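The values are calculated or read from the model by the stated rules, or taken from the named source; none is laboratory data. Being a predicted model, the structure only gives us computed values, none of them experimental. Virtual Cβ from ideal backbone geometry, glycine too; neighbours counted across all protein chains shown.
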Amino acid sequence: MSTALNCSDVLDLLSAYVDGELSPDICRAIEEHMAVCHDCFVMLDSMNKTLVLYHRLEPPEMPEEVELRLFRVLNLEDFVA
């Protein structure tokens, strides 16, 4: 038995859906809603594209001065190169 979801339900579950955290029944209900709701489909597509772009980014490097101060505050001087 499938539960019909509205747009608000889908938007609340979208992040968990993308992360693969939902049961197959809930995933199926979301997919059924997406098949008939262009707005929610566009939201999912946008979220997926944003994640792809995010994963392509290089992590920013921490300035050496900041790293040294952080290690001192955390008493991790032994780890400073």
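List of remarks:
- For the stretch 41-55, the count of residues that are in a loop (DSSP other than H, G, I, E, B) and without any contact (Cβ under 8 Å) to a residue 60 or more places away in the chain is zero.
- The residue of the stretch 40-81 that is farthest from Leu5 (Cα to Cα), among those that are loosely packed, with under 10 Cβ neighbours inside 10 Å, charged (D, E, K, R) and modelled with pLDDT of 90 or more, is Glu65.
- Candidate set from the stretch 25-39 (those that are in contact (Cβ under 8 Å) with a residue 24 or more places away in the chain and closer than 17 Å to Ser8 by Cβ); member that is surrounded by the fewest Cβ atoms within 10 Å (Cβ to Cβ): Asp39
- Check on Leu5, within 13 Å of the chain's Cα centre (by Cα) and aliphatic (A, V, I, L, M): no
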